[in-house]
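Below is one structure; the comments refer to it alone.
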Amino acid sequence: MSEIYREASQVVVWLGEGDAATAHAFSLLANIGDLDTLSLENRPGRDFSVEAKHRMQGALHSRARQLLQEAGCASAESDKVGAIFRRSWFYRMWTIQEVIFASSNKIHVHCGDIAITWLKLVTAVDCLRAIKYAWGGWQNAMRVQSYLTQMMILHRFPSARELTKGNPANTLQHFDAGVLMVRCREKAASDPKDKALALYGLLSELGLPVPRPDYTKSIGDIYAETTAACIEYDKNLFSLYYVPSDTRRPGLPSWVPDWSDKGWDEGDTRYPVTRDRFAASGSSEPKWKISNDRRRLTVYGKIIDTVMYCASSYAMTAPPDIPDMVTRDMYGRLTVSEKLRGIHTIYRTFKEWIDVSSWAQTYPTGESVGDVVRRTLVNDEPRSVAESVHTFGDWFAAIQLREEQLTQGMHQRVPGRESSFPVGNGGGGLFARLAGRALSALERQRDVLERRAMGLVDGEELPIEVRVLLAFAKRPGWRYHSNAIPFSSNKIFFRTAGGFLGTAPDKIPEPIRSDDQIAVVAGLALPVILRPDGAGFRLVSHCYLHGVMYGEAWERVGGRLDEIVLV
């Protein structure tokens, strides 16, 4: 198919029937991406210098801002471009090849009677990215296509590499096959084998050692061959970070991601934070061997510890709605909402984690247990760690109190006019802001609650979930609590035989468990959790292990590395 698209005199992309919204979006995007209407001094012309390129880009970005402002695009509700990017064409695997092999000026994108050239559409999207336009869904819709369009230009015209430097919309300078596979996970395919085989023509042209498509092979063999090709082409092991996922299919080699599973987006705190912060293996270069049958991957590193105990995990829960936080059922009994139950589960999970952390009074690195917990629960994110200095101590003390101690002095009756529910300080995270608003709303609506006959009879108490939330929310530690919640959601908190504490992704088909091994591997920024399996190991997940994230354990290992066979 690649030859057909490459030799075609014109390629027509059909998005479906049009309407007024798509016509308006096409018109706006065509104007944003139109190079011909730039003023003469800003057109590329015959001047191919970097300065001329940057001058043209600056003019495009300035015009894009003006056109979007004139169109009234100032929010998600007033966005005018999203009508195009919601079309299903953008989210399917096989449509990728329609716009990659032919020259961009030969491709025409049609929606009903309206059309735009692919060159204008890609240019418009580059402008949206450069000016940080946040609405319309263009980011997800064009993530793969924009990336590959740029990579094909750089592959076919190496001199263009110099012209892309300094352009905020074109920050990538080389093709990364692993990145492509990760970005394609969100694409739809009726046959899961096509998540790899639909890319054969593209990967072959870019020089990846992928075998010809063979639909008689198993999904495991196809995905293993593709992953091996990515490792060998990219010369890194980053694909291993994407092995764990919510609905990973059985039967795959443990080091091979399930490319048919959507995986976690970057907003999920289980998504691997790798290249910017952590360096568990120091500055080591990756080293590996792949078996001839592509079923085993040998990496080099050291097993440094063993998981001894795994605590509970919790799912992210939105703040409860007001005034439905507390209601009475048909029998007149006080009940709390499911969201509030979820908030209380988080509180009790943190209490368990703190209990596990307190099993020893010292930590192997010499840090206090409190400092270790403070950093671990926010994944050692620098800004959150810095902000927690003044709030963690109160949280750490409060979370260790019994519920009766924490809620001591809470009113038994629904507050009347002489008192009010305590309100949180707002905090710094999204959860804190939302919960602060919810509590403020509860304060404002106490009269509504009373009118709904929710007053308590003598001796009747507010449910413990309400009392704990309200008692916690008025403390300085609420800020740390609300910030740690999203960082640690869907993660297991664990303790190792060596006394280290860490977190790892949960809600996966094979979550970590006691007796799993923890290893640092050459070329990987995160430690990995391994499960013995015969003569080798199964890769379970990456993890955060406090005290080894910045190469501390790697320094102790020195050059004494072992072969670790992943099966």
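Can you find a residue in the stretch 200-223 that is at pLDDT 95 or above, among the small types (Gly, Ala, Ser), buried (at least 17 other Cβ atoms within 10 Å of the Cβ) and in a helix (DSSP H, G or I)? Yes.
Over 13 Å from residue 14 (Cα atoms), at pLDDT below 95, outside any helix (DSSP H, G or I) and over 24 Å from the mean Cα position of the chain (by Cα) - does that describe any residue in the stretch 111-123? Looking for residues that are over 13 Å from residue 14 (Cα atoms), at pLDDT below 95, outside any helix (DSSP H, G or I) and over 24 Å from the mean Cα position of the chain (by Cα), one finds none in the stretch 111-123, hence no.
A count restricted to the stretch 509-536 and to residues that are more than 23 Å from residue 287 (Cβ to Cβ) and open to solvent by 20 Å² or more (accessible area, probe 1.4 Å) stands at 6.
Taking the criterion of being part of a strand (DSSP E or B) and surrounded by 15 or more Cβ atoms within 10 Å (Cβ to Cβ), the residues of the stretch 258-297 that qualify are 288, 290, 297. Within the stretch 466-475, the presence of at least one residue that is open to solvent by less than 10 Å² (accessible area, probe 1.4 Å), over 24 Å from residue 388 (Cβ atoms) and at pLDDT below 95 is confirmed.
Within the stretch 341-359, residues that are more than 15 Å from residue 492 (Cα to Cα) sit with their Cβ atoms under 6 Å from residues that are outside any helix (DSSP H, G or I) and open to solvent by 10 Å² or more (accessible area, probe 1.4 Å), at 6+ positions apart or across chains, in these pairs: 342/317; 343/317. Filtered by the rule that a residue be open to solvent by 60 Å² or more (accessible area, probe 1.4 Å), in contact (Cβ under 8 Å) with a residue 12 or more places away in the chain and farther than 17 Å from residue 36 by Cα, the stretch 103-132 gives 113, 114, 129.
Scanning the stretch 372-389 for residues that are surrounded by 15 or more Cβ atoms within 10 Å (Cβ to Cβ) and either in a helix (DSSP H, G or I) or free of Cβ contacts under 8 Å to residues at least 24 places away in the same chain (or both) yields 372, 373, 374, 375, 376, 384, 385, 387, 388.
The single condition from (1) of a type outside the set (Gly, Ala, Ser); (2) in contact with a Pro (Cβ under 9 Å, 6 or more places away or on another chain); (3) surrounded by fewer than 20 Cβ atoms within 10 Å (Cβ to Cβ) that residue 237 fails is (3). Restricting attention to the stretch 487-504, the residues that are within 30 Å of residue 325 (Cα to Cα), surrounded by 19 or more Cβ atoms within 10 Å (Cβ to Cβ) and not polar (S, T, N, Q) add up to 3.
Within the stretch 334-350, is there a residue that is under 30 Å from residue 461 (Cα atoms) and assigned to a loop (DSSP other than H, G, I, E, B)?
The answer is yes; a qualifying residue exists.
Residues in the stretch 241-257 that are open to solvent by 10 Å² or more (accessible area, probe 1.4 Å) and outside any loop (DSSP other than H, G, I, E, B): 242 only.
How many residues are part of a helix (DSSP H, G or I) and surrounded by 20 or more Cβ atoms within 10 Å (Cβ to Cβ) when one looks only at the stretch 170-181?
Step one: of the stretch 170-181, the residues part of a helix (DSSP H, G or I) are 177-181.
Now narrow it down to the ones that are surrounded by 20 or more Cβ atoms within 10 Å (Cβ to Cβ): 177-178, 180-181.
Residues meeting the conditions: 4.
Meeting the requirement of 3 or more residues that are under 22 Å from the mean Cα position of the chain (by Cα) and either modelled with pLDDT of 95 or more or not acidic (Asp, Glu) (or both), the strands (runs of 3 or more DSSP E) wholly within the stretch 496-567 are 501-505, 536-542.
The values are calculated or read from the model by the stated rules, or taken from the named source; none is laboratory data. Bear in mind that the values here come from a model prediction, so they are computed numbers and not experimental data. Please note: Cβ atoms are built from the backbone with ideal geometry, for glycine as well, and neighbour counts cover all protein chains shown. These area figures cover heavy atoms from the full protein model, side chains too; ligands, DNA and RNA do not enter into them. Shrake-Rupley method; radii C 1.70, N 1.55, O 1.52, S 1.80 Å.
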